[in-house]
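Below is one structure, written out as structure tokens; comments come after it.
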Amino acid sequence: MRKLHVLLTGFILLLAIVSCEKNDKHDFDIDAQKGVKAMKTVVDFGPNIPVSEGEISPEVIPGENNGGNRTCEEVWSWFVDDQVNWECGVDFLCGEKVDYDEDGGGFVSDFPEGLEVSVEGIYISFVMDNCVEIDGKFYKVGAVIVKGSSAANVYYYEGGTMSDQGLAAPGEKHMVSNLTFCFVPCEADELVIAFKSKVKNGDGDSFAAYTTGLSIPNDPGSVRYNVLGFDTPYDIRLQSGEIIASITATELEHNGAPHISVVVTVTDDNTWEFTEPHLYVGTFYGLNHDPDFYLSYKDYPFDIDDVIAAPCEFLIPVSDITW
């Protein structure tokens, strides 16, 4: 009888051990599943893809909405260092979220008049001929929130822009589900600058050089433009991507009349000769005005005949600028 009691006790202990092992394994499986689920919901904030035609790298930013929608206020709090005096509707304008109907192939509501938005495949393009007027004030695009699936790419344009192409939601996999534009103030007739030239190095080798910046929608060439900020240098690069110089515009008085001085400064160690410079300073509308005819850089209003000093310096009467 004692022997039977010992056997029964051993059998019960064995069952308990097996049961504990099963419970431990079950608990481990649940924890593992929770861990995997948590890993899947983690979002990496920061730079993302795809880079736009204007060479703007989007970022995925944190926000209150778990579905990935982001607001202009959240964009500004992520990108702008000093938000003490920034207020939506005063220092910037918060655009409305506009849904995209994939089945219908269009947006369900309108964007501000003067802002043209198009979708080709998964990519977004936008353009405005000039600053758009909203509630009596003029604005340009400061950021675009491209939402797709459960995340959004934010394309931020420091200083603002009037066009870009090749924007998409994260991962380049999902059609945009909604789009939000955030606007910053600008002048009604804001100026832009673009430059291209043939250049020769000290060995006599010839290359094409042009400003970096934003793509010109109606110009299939390599020239890029920038919204003109006085005393702000903009890079000039070769087709290879090598930065060789910068271009800077400054306001001044000359012979009692307002002028703009535009100076190209070589920034690398080579000696560069700018043999066929072509400069555009004017409104974006003048640069991009006709979808059926693009303004070739050779048609830019200022060329070598307007150069007053080496390596490449222009002195432009404001009255000669295309408005």
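Odds and ends about this structure:
- Gain upon complete extension [Asp306, Glu64; 0.36 nm per residue less C-alpha separation]: 81.7 nm
- Extension gain (nm, one decimal) between Glu133 and Ser57, 0.36 nm per residue minus Cα-Cα: 24.6 nm
- Taking the fewest neighbouring Cβ atoms within 10 Å as the starting point, the ordered list for Met162, Met128 is Met128, Met162.
- Of the residues Glu74, Glu273, the one with the fewest other Cβ atoms within 10 Å heads the list, and the complete ranking is Glu273, Glu74.
- As a ratio to 2.2 N^0.38 Å, the alpha-carbon radius of gyration for the stretch 241-323 is 1.19.
- Were the residues from Ser319 through Asp205 laid out at 0.36 nm apart, the gain over their Cα-Cα distance would be 37.3 nm.
- Efficiency of FRET from Cβ geometry, Glu96 and Ser150, R₀ 30 Å, rounded to 0.05: 0.90
- Put simply, the convex hull of the Cα atoms in the stretch 46-185 casts, on average, a shadow of 8.0 nm².
Readers should treat all values here as calculations from the given coordinates under stated rules, not as data from a laboratory. Fair warning: this is a prediction, and the values are worked out from it, not measured in the lab. Cβ sites come from the backbone with ideal geometry, for glycine too, and all protein chains shown count toward neighbours.
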